[in-house]
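The values are calculated or read from the model by the stated rules, or taken from the named source; none is laboratory data. These numbers were taken from a predicted model, which means no experiment stands behind them. FYI the Cβ positions are ideal-geometry reconstructions off the backbone, even for glycines, and counts take in every protein chain you see. Side chains included, ligands, DNA and RNA excluded: accessible areas come from the protein's heavy atoms. Shrake-Rupley method; radii C 1.70, N 1.55, O 1.52, S 1.80 Å.
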Amino acid sequence: MKYISTRGQAPALNFEDVVLTGLATDGGLYVPETLPEFSQEEIASWAGLSYEALALKIISPFVEGEIPEADLKRLIAASYKTSADKGFRHEAIAPLVQTGHNEWVLELFQGPTLAFKDFALQFLGHLLDYVLKKRDQKVVIMGATSGDTGSAAIEGCRDCENVDIFILHPYQKVSDVQRRQMTTVLEDNVHNIALQGNFDDCQNMVKASFADQSFLPEGRQLVAVNSINWARIMAQIVYYFYAGLALGAPHRPVSFSVPTGNFGDIFAGYLAKRMGLPIEQLVIATNSNDILHRCISENDHSKQALVHSLSPSMDIMVSSNFERMLFDLHGRDGNKIGALMETFKSEGSMVLDDAVLADARALFSSYRVGDDETVDVIRSVFGSTEYLLDPHTAIGVQAARQTRRNNSTPMVCLATAHPAKFPEAVKQAGQTSDPALPFHMQDLFTREERYQVIADDLSQVQLFIRENISG
């Protein structure tokens with residue numbers, strides 16, 4: 001299978017090269033040239049498969065012979081192994097919990113760092129190790145995080161022999177648990193940078209570094225772990241099929257509500273629909289940083305000042321993966337996307353054609369949830385079910401309840417993080433103590449930390465990276 005850029009001016013690449021490349025040379029994001037499609041009969045035959053077995057079915061067409069099936073099966077098994085202290089803590093990997101009438105929460109926080117990003121980054125870490133050893137190549141991972149990507153990426157790559165990893169997080173703008181999950185990993189190849197800016201500043205710095213990698217030593221290249229990396233999107237498709245099958249698909253449709261900032265997680269749901277899963281509705285759930293909601297509801301895709309919220313993993317104003325969606329909505333015309341993204345870059349806003357917006361609204365709904373409403377939802381759901389939501393998941397639940405089109409269709413709300421990562425929101429909702437961390441993290445606040453605070457200055461960050469790459 002070949003992969004092409006959303007802007008149409010970069011060479012097509014194979015799977016392994018796409019994993020190592022990140023952004024295309026024309027500034028676009030890579031997507032498959034064609035998507036695999038599964039018949040309803042084939043999907044029905046997967047009912048009852050384990051998560052690992054289903055992942056093999058979904059992922060295999062995307063690697064198309066580049067990784068032998070036996071090796072791919074081994075990589076998947078290593079990525080989703082279950083363990084009380086390392087790996088996934090639940091035998092179902094992604095269990096469903098009912099929170100209302102035909103309303104379900106898909107627990108995507110059962111991995112080692114308590115966030116949905118473990119599903120992609122555990123796999124990506126093993127995949128990178130496999131590809132780099134085969135090529136006898138060393139790379140530098142540079143990533144930006146609004147809270148969860150960083151710890152998941154570090155956990156996935158801390159044991160990779162051919163990787164140096166540098167993660168930028170906004171200084172004092174992630175939760176204490178999120179920060180410590182990153183900064184207490186002391187392996188020599190792991191480096192944390194606390195940037196004196198917000199998440200968009202971190203992300204812009206990563207994008208600029210990918211565009212010009214001349215600051216790196218000879219023979220090294222940057223690899224992305226943010227959701228611009230196609231392998232992350234690919235791995236996330238699996239749990240949409242897993243949840244759908246558990247609730248009766250393909251014999252009945254299913255809907256999903258996704259708390260999202262960078263659009264990667266919900267884009268995986270869109271791909272699952274295109275591949276044959278009967279998804280009736282996808283709900284874009286945002287916090288006060290609501291550019292995606294404004295785009296869908298008002299055709300207002302304009303940058304505004306970033307707001308620091310109780311759901312920091314969604315404090316994002318430039319949703320990188322939305323470009324992949326726009327590419328499809330514009331008939332996969334790279335020239336149109338290039339022009340549209342240039343307008344957005346120069347003017348800080350863009351307007352979609354009426355027909356494009358109508359196509360998007362046929363599948364997507366959207367809703368914005370502020371901090372006060374988030375706290376109310378956490379309190380309300382706990383009061384009626386004794387189930388404790390983290391603030392991001394609460395936004396997904398509320399968005400689902402406010403926009404749901406069909407009560408007879410199961411609605412699955414993606415639980416993207418464990419509530420213990422966000423004690424401030426949970427306490428505001430009436431809990432008298434911090435949610436307990438899982439056993440393997442109960443000593444988190446006594447572990448040694450290591451990170452570097454750096455000004456929002458590209459040259460300083462790149463100098464730190466260059467000086468700390470292993471020989």
Taking the range 82-106 and keeping residues of a type in the set (Asp, Glu) and either more than 17 Å from residue 240 (Cβ to Cβ) or in contact with a Ser or Thr (Cβ under 6 Å, 6 or more places away or on another chain) (or both) leaves 85, 91
Counting just the residues of the range 54-99 that are hydroxyl-bearing (Ser, Thr, Tyr) and farther than 27 Å from residue 396 by Cβ, which one comes out surrounded by the fewest Cβ atoms within 10 Å (Cβ to Cβ)? 83
Applying the selection to the range 390-447, what residues are of a type in the set (Val, Ile, Thr), surrounded by fewer than 16 Cβ atoms within 10 Å (Cβ to Cβ) and in contact (Cβ under 8 Å) with a residue 40 or more places away in the chain? none
Taking the conditions exactly as written (over 30 Å from residue 140 (Cβ atoms) and in contact with a Phe, Trp or Tyr (Cβ under 9 Å, 6 or more places away or on another chain)), does residue 431 satisfy them or not? yes
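When only residues in the range 160-203 that are part of a helix (DSSP H, G or I) and polar (S, T, N, Q) count, which is nearest to residue 143 (Cα to Cα)?
203
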Can you tell me how many residues within the range 186-240 are more than 22 Å from residue 345 (Cα to Cα), open to solvent by 10 Å² or more (accessible area, probe 1.4 Å) and in contact (Cβ under 8 Å) with a residue 12 or more places away in the chain? 12
Going by what's in this entry, would residue 383 be described as of a type outside the set (A, V, I, L, M), without any contact (Cβ under 8 Å) to a residue 12 or more places away in the chain and farther than 30 Å from residue 110 by Cβ? no
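Residue-wise test of (1) over 25 Å from residue 306 (Cβ atoms); (2) touching a Leu at 6+ places or on another chain (Cβ under 8 Å).
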{"residue": "111", "(1), (2)": "yes, no"}
{"residue": "124", "(1), (2)": "yes, no"}
{"residue": "131", "(1), (2)": "yes, yes"}
{"residue": "134", "(1), (2)": "yes, no"}
{"residue": "139", "(1), (2)": "yes, yes"}
{"residue": "146", "(1), (2)": "no, no"}
{"residue": "155", "(1), (2)": "yes, yes"}
{"residue": "158", "(1), (2)": "yes, no"}
Determine whether the range 323-337 contains at least one residue that is in a loop (DSSP other than H, G, I, E, B), out of contact with any Cys (no Cβ under 9 Å at 6 or more places or on another chain), open to solvent by less than 30 Å² (accessible area, probe 1.4 Å) and of a type in the set (D, E, K, R). no
Any chance the range 145-158 includes a residue that's open to solvent by 30 Å² or more (accessible area, probe 1.4 Å), farther than 20 Å from residue 30 by Cα and in a helix (DSSP H, G or I)? yes
How do the pairs read when you match residues in the range 157-175 that are under 21 Å from residue 135 (Cβ atoms) and touching a residue at least 60 places away in the same chain (Cβ under 8 Å) with residues anywhere that are open to solvent by less than 60 Å² (accessible area, probe 1.4 Å) and in a loop (DSSP other than H, G, I, E, B), using Cβ under 7 Å and keeping only pairs 6 or more apart or on different chains? 163/189; 164/189; 164/469; 164/470; 165/189
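Restricting attention to the range 301-313, does a residue exist that is surrounded by fewer than 18 Cβ atoms within 10 Å (Cβ to Cβ) and among the β-branched types (Val, Ile, Thr)? Steps first, please.
Restricting attention to the range 301-313, the residues satisfying the condition of being surrounded by fewer than 18 Cβ atoms within 10 Å (Cβ to Cβ) are 302-305, 307-308.
After this cut, where a residue has to be among the β-branched types (Val, Ile, Thr) as well, the list is 307.
Taking every residue of the range 301-313 in turn, at least one turns out to be surrounded by fewer than 18 Cβ atoms within 10 Å (Cβ to Cβ) and among the β-branched types (Val, Ile, Thr).
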Suppose we filter the range 6-53 for residues that are open to solvent by less than 40 Å² (accessible area, probe 1.4 Å), of a type in the set (D, E, K, R) and assigned to a loop (DSSP other than H, G, I, E, B); how many remain? 1
Could you tell me which of the residues 274, 324 is out of contact with any strand residue (DSSP E or B) (no Cβ under 7 Å at 6 or more places or on another chain), charged (D, E, K, R) and on the phi < 0 side of the Ramachandran plot? 274
